[in-house]
Amino acid sequence: MNWILLLEQVLNGVQLGVLLFLLAAGLTLVFGIMDLVNLAHGSLYMVGAYFAATFTSWTGSFVLAIFLAVPATLLVGVVVEVICLRTLYQRNHLDQVLATFGLILFFNEAVRLVWGPAGLDVPLPDFLNSNFEILPGVPYPTYRVMIIATGIAVALGLYFLVAKTRIGMLIRAGATNREMVGALGVDIKLLYTLIFGLGAALAGLAGVMAGPIFTVETGMGEGILILAFVVIVIGGIGSVRGAFVAALIVGLIDTVGRSFLPDILGLVLSNQYADTAAPALSSMLIYLLMATILAFRPAGLFPPSNG
Amino acid sequence: MKRKVIGLVSALALMAAPAVAADKVKIGFVTTLTTGAGVFGKGMKQAVELAVEELGGKMGGVEVEVIFEDDGFKPEIGKQKAEKLVKKDKVNFLAGFIWSHVLLASYKTAVQNDVFLISSNAGPAPLAGKLCNPNFFSTSWQNDQTPMAMGEVLNQKGIKRLYIMAPNYAAGKNMVTGVERTYKGEIVGKDMTKFPAQLDFSAELAKARAAKPDAVFVFYPGKHGAQFFNQYSQAGLKDNIPLYSVFTVDAVTVNLLKDLAVGSLATMFWAPDLDVPANKKFVAAYRAKYGEYPTFYAAQSYDTVMLINSAVTAVNGDLSNRDGMRDAMRKANFDSVRGPFKYGNNHFPIQNFYLREAVKDADGNYTTSIRSVVLENHQDTYAKDCKMSW
């Protein structure tokens, strides 16, 4: 076993994990507290990435673009909530799926009209577009370290927000019993708009972070949205803590599996079969994990009643 | 009532009769015009339009109509578009196709309906071997050939330990097979990544570093290539392990990567500076019209139109003379941008492959330039599995 390689892969896994967490945190809040299935969450991620690309080319600074793109995505989220989703809270999940799927089509086409079909690149500043040695002789890309740091900072911030502040108290109360919170005089409409905006901002941040690694293009949110749903299902719907733990598990399993599965399979199969089976099997790993967890804990690892 | 029915039947019969003097040469061109790969389709479309313009909009005295369709980078959509072009638009030629999996999905629709199918890029192994067809031609290459040339280059450079990475789809597998066929050193590791979903190569790059190879060989077409080069550099591998590639550094990505790409080596059947009169004319006209270097996708698409022109001209615009057109195409009797070449029995070109390097030209533009001939008059290895002979 090559320990340095393992360490690197763990870092890569954590980096993918925190990216998924940023996306899943908003999704799980909206789903768990507002009881809204929002398929268009991936579109907000895409919009965030496009904003980042545009603001980077306008201002010439990626760092500045982060601070512009996240509020801009929040704004888009609030507008979508007020115009479109507010009317859907009383409807059943199927109506919500239909409406938010419509939003996906709308956003993809809108992005194509505004930014063109070709997709954009987000250039990184030199200090991020480099690497430094995490251990002697083991360089690691600076930008990925920044993603990990940002993700962990956001996780801590969310923990503080949910556990220690008044808004967090309302969010938790809303998750437990919506009607009662409303009856006690809390403006539940405003609270929902806030939560949705927060979710949108987090999705936007995930999009901004992903922009330089993945190409910014229409439909970029759909593939990763599926992973985000896997994360919230594993973590327990509505639980931010569950989303964090599940995102890290999914990130690690995916990365480490992709990396070591060919070698592991090579021990039991002939090389030729291992070469064919490994890529197929490694892309199934996280779904196998989800199925296993659902079989033993149908409500996920951290159901929100105790999360 | 009876008369009406007879009238209807005869009308139908008339419609079904083949038109002797065609009013138009219809070419359906399927490529990728949206998604991140849309830029390559755009280059192909521009090259086709340039070629048709140079021909004065006519082939053999008959007006030309090109219908472009977008496959959205998806085999199922490509197949739908191919069916629409063949059955609804009744095209005489179906051309284009960047992606091997899209071409394989659309292939039957064309050849079974007696429409000539001309691949302007994809060259999957089955179509060169067992599935070769009298109605199918290529103006590009068979997928394995370019990496086979690269294998030779790696041998010449004395690379003893090689690490391979490619996307896990039809063309990716062909590329790996190709390089393995000629490369004589040891392959110390190989990763087949999810395509087109996977754009983050961190896990694979970490493995490549740990394997301590003398060189890394990759095939990442389009935007994947740009991402790969970036991440290769970010991971600190660029200065330590030389990177060899096929179909990864082209006229589009070289402008995204700029100095990151300069000096990187690839093999190819063509480059913008290939010293052939037809190519000089094409590159100059393309640059004058669009203000950029043509990609190899564009060069192949230009040749596609010229090949079709040679066929239609040979039969004086009589599009019902399909055997005549096929015979004409088999002669490859046109000024190809790669210089004169012959078709193999499987309708794939027998042609040279060159080593080319990414460079900055005198005006500060990024482009690729030919260094040496690697394989001369090379025929793909699947031709022997093709039953067709002529």
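The values are calculated or read from the model by the stated rules, or taken from the named source; none is laboratory data. This one's a predicted model, so the numbers in the text were calculated from it and none came from an experiment. We place every Cβ from the backbone using ideal geometry, glycine too, and count neighbours over all the protein chains shown.
Laid out as a table, the results:
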item	result
Breaking point among (1) crowded, with 24+ Cβ neighbours inside 10 Å; (2) closer than 24 Å to B:F348 by Cβ, for B:T177	(1)
Test: B:G236 is under 21 Å from the mean Cα position of the chain (by Cα) and outside the structural domain of B:Q300 (by TED's automatic domain parsing)	no
Any hit, region A:27-42, residues being under 23 Å from A:D126 (Cβ atoms) and assigned to a helix (DSSP H, G or I)	no
B:F68 at pLDDT 95 or above, within 19 Å of B:S138 (Cα to Cα), in a strand (DSSP E or B) and within 14 Å of chain A (Cβ to nearest Cβ)	yes
Condition met for A:G242 (within 14 Å of another protein chain (Cβ to nearest Cβ) and within 16 Å of the chain's Cα centre (by Cα))	no
Scan of region A:268-285 for residues that are over 35 Å from the mean Cα position of the chain (by Cα), assigned to a helix (DSSP H, G or I) and more than 10 Å from every other protein chain (Cβ to nearest Cβ), ordered by number	A:V268, A:Q272
Helices (runs of 4 or more DSSP H) enclosed by region A:77-184 - at least 2 residues per element that are under 20 Å from the mean Cα position of the chain (by Cα) and surrounded by fewer than 18 Cβ atoms within 10 Å (Cβ to Cβ)	A:93-115, A:142-164
Hits in region B:1-50 - residues which are part of a loop (DSSP other than H, G, I, E, B) and either modelled with pLDDT of 85 or more or over 22 Å from A:D121 (Cβ atoms) (or both)	B:M1, B:A17, B:P18, B:A19, B:V20, B:A21, B:A22, B:D23, B:T32, B:L33
Filtered residues of region A:9-42 (kept if small (G, A, S) and within 17 Å of A:G238 (Cβ to Cβ))	A:A24, A:A25, A:G26, A:G32
Sole exception among (1) among the aliphatic types (A, V, I, L, M); (2) buried (at least 22 other Cβ atoms within 10 Å of the Cβ); (3) closer than 15 Å to A:V18 by Cβ for A:L225, by number	(3)
All positions within region A:80-112 that are within 12 Å of another protein chain (Cβ to nearest Cβ) and modelled with pLDDT of 90 or more	A:N108, A:E109, A:V111
Yes/no for A:I237 being within 11 Å of another protein chain (Cβ to nearest Cβ) and either within 18 Å of A:L19 (Cα to Cα) or under 15 Å from the mean Cα position of the chain (by Cα) (or both)	no
The one condition in (1) assigned to a helix (DSSP H, G or I); (2) surrounded by fewer than 22 Cβ atoms within 10 Å (Cβ to Cβ); (3) more than 9 Å from chain A (Cβ to nearest Cβ) that B:A208 fails to fulfil	(2)
Scan of region B:131-161 for residues that are in a strand (DSSP E or B) and surrounded by fewer than 24 Cβ atoms within 10 Å (Cβ to Cβ), ordered by number	B:F136, B:R161
Within region B:234-255, tally of residues that are within 14 Å of chain A (Cβ to nearest Cβ), crowded, with 19+ Cβ neighbours inside 10 Å and modelled with pLDDT under 90	6
Members of region A:186-234 that are away from chain B (no Cβ under 14 Å) and outside any helix (DSSP H, G or I)	A:V186, A:D187
Any hit, region B:92-108, residues being touching a residue at least 24 places away in the same chain (Cβ under 8 Å), surrounded by fewer than 17 Cβ atoms within 10 Å (Cβ to Cβ) and under 29 Å from B:H224 (Cα atoms)	no
Filter result (surrounded by fewer than 23 Cβ atoms within 10 Å (Cβ to Cβ) and either in a loop (DSSP other than H, G, I, E, B) or free of Cβ contacts under 8 Å to residues at least 12 places away in the same chain (or both)) within region B:260-276	B:V262, B:G263, B:S264, B:D273, B:L274, B:D275, B:V276
Qualifying residue in region B:79-89 (condition: crowded, with 20+ Cβ neighbours inside 10 Å, hydrophobic (A, V, I, L, M, F, W, C), touching a Gly at 6+ places or on another chain (Cβ under 8 Å) and closer than 15 Å to B:V312 by Cβ)	no
Criterion (within 15 Å of the chain's Cα centre (by Cα) and within 22 Å of B:Q227 (Cα to Cα)) met by exactly one of A:L225, A:L202, A:L248, A:L198	A:L225
From B:L243, B:L199, residue being in contact with a His (Cβ under 7 Å, 6 or more places away or on another chain) and free of Cβ contacts under 8 Å to residues at least 40 places away in the same chain	B:L199
Condition check for A:N12: out of contact with any Lys or Arg (no Cβ under 7 Å at 6 or more places or on another chain), within 14 Å of chain B (Cβ to nearest Cβ), over 17 Å from A:V78 (Cα atoms) and free of Cβ contacts under 8 Å to residues at least 60 places away in the same chain	no
Options A:L248, A:L285; residue that is surrounded by 18 or more Cβ atoms within 10 Å (Cβ to Cβ), touching a helix residue (DSSP H, G or I) at 6+ places or on another chain (Cβ under 6 Å) and within 25 Å of B:L199 (Cα to Cα)	A:L248
Verdict on B:A128 being free of Cβ contacts under 8 Å to residues at least 12 places away in the same chain and either within 27 Å of B:F29 (Cβ to Cβ) or out of contact with any Phe, Trp or Tyr (no Cβ under 8 Å at 6 or more places or on another chain) (or both)	no
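Yes or no, residue by residue, for (1) more than 14 Å from chain B (Cβ to nearest Cβ); (2) farther than 15 Å from A:A203 by Cα; (3) at pLDDT 95 or above:
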| residue | (1), (2), (3) |
| --- | --- |
| A:L7 | no, yes, no |
| A:L16 | no, no, no |
| A:F21 | yes, no, yes |
| A:A25 | yes, no, no |
| A:N38 | yes, no, no |
| A:G48 | yes, no, yes |
| A:G60 | yes, yes, no |
| A:A69 | yes, no, yes |
| A:V76 | yes, no, yes |
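Okay, residues lined up against (1) of a type in the set (A, V, I, L, M); (2) surrounded by fewer than 21 Cβ atoms within 10 Å (Cβ to Cβ); (3) in contact with an Asp or Glu (Cβ under 9 Å, 6 or more places away or on another chain):
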| position | (1), (2), (3) |
| --- | --- |
| A:G197 | no, no, yes |
| A:V231 | yes, no, no |
| A:V240 | yes, no, no |
| A:A243 | yes, no, no |
| A:A277 | yes, yes, no |
| A:L281 | yes, yes, no |
